[in-house]
1. What is the local net charge at A136, summed over the other residues whose Cβ is closer than 11 Å to its Cβ (Lys, Arg +1; Asp, Glu -1)?
2. What aspartates and glutamates does K77 reach when the alpha-carbon gap must be under 19 Å and sequence neighbours fewer than 8 apart in one chain are set aside?
3. Please list the non-local residues whose amide H lies under 5 Å from the amide H of C57, H modeled 1.01 Å from N, same-chain partners needing a gap of 5 or more.
4. Based on the Cα coordinates of the chain, what is the per residue volume of their convex hull in Å³?
5. Sort the following peptides by mean Cβ neighbour count (other Cβ atoms within 10 Å, averaged over residues), highest first: 19-30, 3-14.
6. Check which residues have an amide H placed less than 5 Å from D142's amide H, if you skip close sequence neighbours.
7. Remind me, what semi-axes does the stretch 84-196 give for its equivalent ellipsoid, largest first in whole Å, using sqrt of 5 times each Cα gyration tensor eigenvalue?
8. Which whole-Hz couplings ³J(HN,Hα) result when phi for each residue of the stretch 21-28 is put into the Karplus expression 6.51 cos²θ - 1.76 cosθ + 1.60, θ = phi - 60°, listed in order with x for Gly and Pro?
Amino acid sequence: MTEPLNDVALDRLFREGRSYNGYSDAPVSHAQMDAIWELMKMGPTSANMLPARLVWCESDAAKARLAKHASGTNGPKILQAPVTVIIGMDMEFYEQLPELFPPADAKSWFVGKPELIEVSAIRNSSMQGAYFILAARALGLDTGPMSGFDNAGVDAEFFAGTPVRANFISTLGVGDPSTIFGRLPRPGFDRFNTIV
């Protein structure tokens with residue numbers, strides 16, 4: 001059995017990790033972006049399908065293109081963050097399976113099955129998005145995941161002519177603690193869990 005992580009690591013990843021609404025002026029380097037990917041790609045996905053496709057909006061122009069499709073207060077958050085990442089999902093992920101999952105003809109499991117493709121892309125790219133959040137936290141960065149945006153607008157803006165669709169968006173940087181409020185409720189085990 002592997003030794004459990006210590007409390008410092010568990011606090012950073014879970015207990016004290018927060019979704020930030022604003023960030024310090026500290027930049028996010030390309031090396032940090034690469035390091036996040038190198039960690040998050042190791043998280044499990046069905047048949048190693050890895051359907052997530054990330055667009056790292058670093059420039060002011062790219063963030064403005066994205067922010068115009070955001071709702072409510074999300075636009076200013078996107079513009080202020082050092083980087084905002086679109087976690088997309090490749091609806092033709094199965095084309096990569098001969099390389100990514102050589103033990104079986106996994107591509108044949110999906111071809112011509114749009115409902116299976118969609119549910120698999122959503123589920124597994126969402127898992128990869130969670131790995132993104134944890135990888136960023138593990139590397140000393142903070143995130144602000146959000147779903148308040150016009151999916152069709154973002155798809156047209158960033159993924160036109162491709163099989164990729166936006167799943168969700170996340171800001172990324174060194175979080176400013178003054179931009180968050182108190183921890184929201186997290187009920188105990190008995191409330192939302194059943195052992196059968």
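Rule-based calculations on the coordinates, nothing more; no lab input. In this text the structure is predicted, and so the values were computed from the model without any measurement. Cβ coordinates were reconstructed from backbone atoms using ideal geometry, including for glycine residues, and neighbour counts include every protein chain displayed.
1. Working: positive: R12, R137; negative: D142.
The answer is +1.
2. Qualifying aspartates and glutamates at Cα under 19 Å: D25, E58, D60, D142, D150, E157, D176.
3. So C57 has HN proximity to T84, V85, I86.
4. Working: hull volume 34.6 nm³, N = 196.
Enclosed volume per residue, from the Cα hull, is 177 Å³.
5. Ranked by mean Cβ neighbours within 10 Å, highest first: 19-30, 3-14.
6. Correct list: G173, V174, G175.
7. Numbers: eigenvalues 182, 90, 43 Å².
Ellipsoid half-lengths, sorted descending, are 30, 21, 15 Å.
8. Listing the rounded values in order: 9, x, 9, 6, 7, 4, x, 10 Hz.
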